[in-house]
Amino acid sequence: MKNKPLIIILAIVAFVGFYAWSAYNKFVTANENIENLWAQVETQYQRRFDLIPNLTNSVKGIFNQEQKVFGDLADARTRYSGATTVNDKVAAASQVEGALGRLLVVLENYPQLRSSEAVQNLMVQLEGTENRIAVERKRYNDSVRDYNLSVKTFPSKLFARLYGFSERTYFEAVEGSETAPRVEL
């Protein structure tokens, strides 16, 4: 009977230790999953950035007037490659999307450009890439949501703080992205 309190205390310590070990592994796994999903988003961004010069060169070959759109695309690509944080990359990617939107408006206003087979093919590839980006962003945000729930809910919140895990940032549209770009020719 004298050992019964000791056994109970050891059982509680063992349970808490197992939970702490399990919580740490859960946070590490979730964090790595988020990193992997962000890498997938970046892979699709890279695909987009690889397509943009081909599209712009095809359009430039047919149409040399809209230099501002081409300059904006080049600037946005440069900003993205120089970005070091996820938030900086998100902002640069949004800048690319705005410039692409303006390029698409240019293409719509000039049917002879759209009729070019090279431009059509690149536009289809770019559209597919944009869809892939949307899917990967959603997967990333879903994973961030699950991770953030673990970091915010009790009792795992206590262990998250203990191990230095904190909330992750969602991928969100930048302010003003709800407004369609205007191109005046």
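One line per residue, one yes/no per condition, for (1) within 16 Å of residue 35 (Cα to Cα); (2) of a type outside the set (A, V, I, L, M):
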| position | (1), (2) |
| --- | --- |
| 131 | no, yes |
| 137 | yes, yes |
| 143 | yes, yes |
| 146 | yes, yes |
| 154 | no, yes |
| 162 | no, no |
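Reported count of residues in the range 1-42, each being touching a residue at least 40 places away in the same chain (Cβ under 8 Å), of a type in the set (Ser, Thr, Tyr) and closer than 22 Å to residue 142 by Cα, is 1.
Being in contact with a helix residue (DSSP H, G or I) (Cβ under 9 Å, 6 or more places away or on another chain), under 29 Å from residue 97 (Cα atoms), modelled with pLDDT of 85 or more and in a helix (DSSP H, G or I) is a property that residue 37 has. Considering the range 59-166, the qualifying helices (runs of 4 or more DSSP H), each wholly inside and each with 1 or more residues that are surrounded by fewer than 18 Cβ atoms within 10 Å (Cβ to Cβ) and modelled with pLDDT under 80, run over 67-82, 86-109, 111-114, 117-152.
The values are calculated or read from the model by the stated rules, or taken from the named source; none is laboratory data. In this text, all values refer to a predicted model and were calculated from it rather than measured experimentally. Here Cβ is always computed from backbone atoms with ideal geometry, including for glycine, and neighbour counts include all displayed protein chains.
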